[in-house]
Amino acid sequence: MSAVRLVLAVGCCLLAGVASAQITITAGDVPQTIGDSSKYKYLAHDDTVDNGSPGGPHTWTFDTSSYVGYVLTMTYVSKESTPFAARFPDANIATREPRGTYTLYVFNKLDTGSLLECGFAADFGGGSMVRVNVPPAINVDFPATYNSSWQTDFNTTDTAADTIHVVATSRRCTIDAWGTVVTPAGSYDCLRQNWVGIVITTTYVSGVPVGVDTSVTRRYYWLTKDVGMAAMTHSMEGDTSANFTAADDIMVMVHSSSGGVAETPNAEVRAPNRGPSIMSASRAQSLSSKVLFDAMGRRVANPKPGVYFLRPETGVANRASGVTKVVLTE
């Protein structure tokens, strides 16, 4: 997912045949409340994994108890609170992940039709690396349900001193399975996202091409409503078999918070732990006793389609309990 090397680890096994509901994930199901966080456990490379088969219902059980991995925390933050906000003007969701020697920031754009990956930045304290996707990559097309599929192609450029890396990426994505994912954080109805990625990196030194590297891998993501990604497995480089058994990277959720603080101008509103409402902009504006705020806590008078927080006007009783996350359509 990034040029910053992920060192991931966790053990997992798979059980099949337990009934669950087949779900559909929409933009309103994507977590993004500022202050919410999830913890994921990682293990070293070359761990054995069983990804299971397409279709459903399945139950995937990820057991991290017998492994010594490290845990990182991913927190939803205000984009403007990061050092890289100006590099990602279209992003409306940002996350921060401290990773020992550096902090990783990931920037996404959520609208009613898709969740787009705008790029990432790594802050090393004394320096940084920024990768902007052009155009933004499609992480999830909405509505996402069993048998959904999409293709996304994008380019990035990394520059360091006199060396430039031009990276072209192509991903073919399918929702190929559904069921229940069981993690230390809980059990969730889920969709399994299956994608094959081709990454071609051309390196230039002082403007002269010096090498081309091609990498092909497969990933699986277990996607849930309101919580987001519950688990991920990533094949070894060059292995795109549908049920690869040697995993290069694996991550599993071990804890997830609920009802984080949505940052308003006074930072006083706690968003309730419930899914967003989806309505038209005209419908939102007709609710005269309430006001729309964006994810940065700014009041919005003429909203465009996107994600906002709807809360009562100043002076209206019980403001905190009246906060609703909404996804506005045309």
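Summary table below
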read-out: Summed side-chain charge close to D141 - residues other than D141 whose Cβ falls under 12 Å, Lys, Arg +1, Asp, Glu -1; value: 0
read-out: Sum of side-chain charges, V130 neighbourhood, beta-carbon under 9 Å (Lys, Arg +1; Asp, Glu -1); value: +1
read-out: Selection of chymotrypsin sites (Phe, Trp or Tyr not before Pro), segment 93-195, meeting DSSP coil and at most 11 other Cβ within 10 Å; value: F124
read-out: Residue order, fewest to most surrounding Cβ atoms within 10 angstrom, among V300, V134; value: V134, V300
read-out: Residue order, fewest to most surrounding Cβ atoms within 10 angstrom, among I200, I25; value: I200, I25
read-out: Exposure proxy order (Cβ contacts within 10 Å, fewest to most) of M74, M251, M236; value: M236, M74, M251
read-out: Contour excess over end-to-end distance, with Cα ends at D90 and V196 and 0.36 nm allotted per residue; value: 35.5 nm
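Each reported figure results from applying straightforward, stated rules to the coordinates on display, with no laboratory input. Please read these numbers as outputs of a predicted model, since none were measured by experiment. Cβ: placed from backbone, ideal geometry, glycine included. Neighbour counts: every protein chain shown.
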